[in-house]
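The values are calculated or read from the model by the stated rules, or taken from the named source; none is laboratory data. Source: prediction; values computed, not measured. Glycine gets a Cβ as well: all are built from the backbone with ideal geometry, and neighbour counts include every protein chain shown. SASA here: full protein model, heavy atoms, side chains in, ligands and nucleic acids out. Shrake-Rupley method; radii C 1.70, N 1.55, O 1.52, S 1.80 Å.
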Amino acid sequence: MNRRFLLANATIVLDEVVYLALIPLLPTYVHRFHLSAAGAGLLYGAYPMLGLVSGIPAGLLCDRVGPRRMLLASNTLFVIASVAFALATSADALWLARATQGLASGASATAGMAMVAGSATHGRHGRTIGLAAALQGLSALGGPALGGLAVPAIGERGAFAIPAVLGALVVAGLALEPSDVVTRIGPSLSAQLGSVVRSADARAAALCFLAIGVVGGCVQTLAPLQFGDLGVSARGLGLLFIVAAICGFPIVTAGGRFTDAAGVIAATRVWVAIVLVAVLALGAGPGRVGIAVVFGIFLTQIRVGGTIGYVRGTHAGAERGLASSFGLIVTAWAVGASVGPVAAGAIVDASGYRAAYLASAVALLALTASAMRRAC
């Protein structure tokens, strides 16, 4: 793990910490701002909505200017948006600050994972990305701790100032790194994007991440609302995420190794089966303890799925521009993560939790089945 590997992961961890910090606070904001379930989904989905804008452009530019410069720009925007989030006093201001964080996130995830994957040796992409995903799982400790423990203890302004300060330190570290050595990947940005889109590997990886975005966004919106209905506090939700992250660290690492050994198709089949069972179990309403256990399993499997998808993306990126391939992947995730929470909230308002979880399961099967066909 060299310094660039660590700086790239630090960037993504901070990004995900802020993204996940909202989950234990969703019931609080629903009460404070009198939001419906659909309104809660819209607030949660603000982050990936703006990631739609930055993912592909960041990937195309990253292959030309290098990941370090792209991470410098995105981290600077992240720091500014985090300060705005800490100072927000209305639902509109909160949404706008979170959306700006999402704009930075699309670029950070693209450039950060390009830097991580670029450090892997041949045949070890699963191990390297699996290790990165496991390290990034620290965000599942930091995010819930920030939203579920720090906010109740020191207030929202003090708590959300923490990632802003840490982000500034990462910016300083990136500024001290030497510039990237970059080779242009094609005659034009449009030609480069067309090359990536025509790749079956890139399309398969994008469909995998679209499924992760849809199902992850649905479940990570619905489960906290269920916990709120059952009287679980933000602190309790934070502790659940922390336990899930600790238990999931070796599982995510093993998922990367299994992907190298068995291949992306076999790994995807196992992953889909586990996630499908988890989603259907949550829809059955297993009670407070049952929801906690299954939701913890689901959180771990989201990272396993991300590892598999990124490994698939490296196959396309090897010849067509690594960051460009990852830009397409991040954008696909952002589409799903934007649609999933809002759709899930609307279905809950209209038909209840069980119908929303069932719709998530159907979406998972439809999207991953298509990805498997493209992968063959």
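Provide a single number: the residues in the stretch 1-13 that are within 21 Å of the chain's Cα centre (by Cα), open to solvent by 20 Å² or more (accessible area, probe 1.4 Å) and in contact (Cβ under 8 Å) with a residue 60 or more places away in the chain.
Within the stretch 1-13, residues that are within 21 Å of the chain's Cα centre (by Cα), open to solvent by 20 Å² or more (accessible area, probe 1.4 Å) and in contact (Cβ under 8 Å) with a residue 60 or more places away in the chain number 4.
Within the group 291, 212, 242, which residue is open to solvent by 30 Å² or more (accessible area, probe 1.4 Å), among the hydrophobic types (A, V, I, L, M, F, W, C) and at negative phi?
One residue alone meets the criteria, 242.
If only one of 296, 231 is over 21 Å from the mean Cα position of the chain (by Cα) and either under 28 Å from residue 42 (Cβ atoms) or surrounded by fewer than 22 Cβ atoms within 10 Å (Cβ to Cβ) (or both), which one is it?
231
Which of the numbered conditions does residue 258 fail, given that it passes all the others? Conditions: (1) closer than 30 Å to residue 67 by Cβ; (2) crowded, with 24+ Cβ neighbours inside 10 Å.
(2)
Could you give me the residue pairs with C-beta distances under 7 Å whose first residue belongs to the stretch 73-86 and is open to solvent by less than 10 Å² (accessible area, probe 1.4 Å), whose second residue is of a type in the set (Val, Ile, Thr) wherever it lies, and which are 6+ apart or on separate chains?
What qualifies is 75/11; 75/170; 75/171; 81/100; 82/18.
For the stretch 36-56, give me the residue count where each residue is over 20 Å from residue 328 (Cβ atoms), of a type outside the set (Gly, Ala, Ser) and in contact with a Gly (Cβ under 9 Å, 6 or more places away or on another chain).
2
Please specify each residue of the stretch 29-46 satisfying the condition of being modelled with pLDDT under 80, open to solvent by 40 Å² or more (accessible area, probe 1.4 Å) and either closer than 16 Å to residue 152 by Cα or not hydrophobic (A, V, I, L, M, F, W, C) (or both).
Within the stretch 29-46, just 36 meets the criteria.
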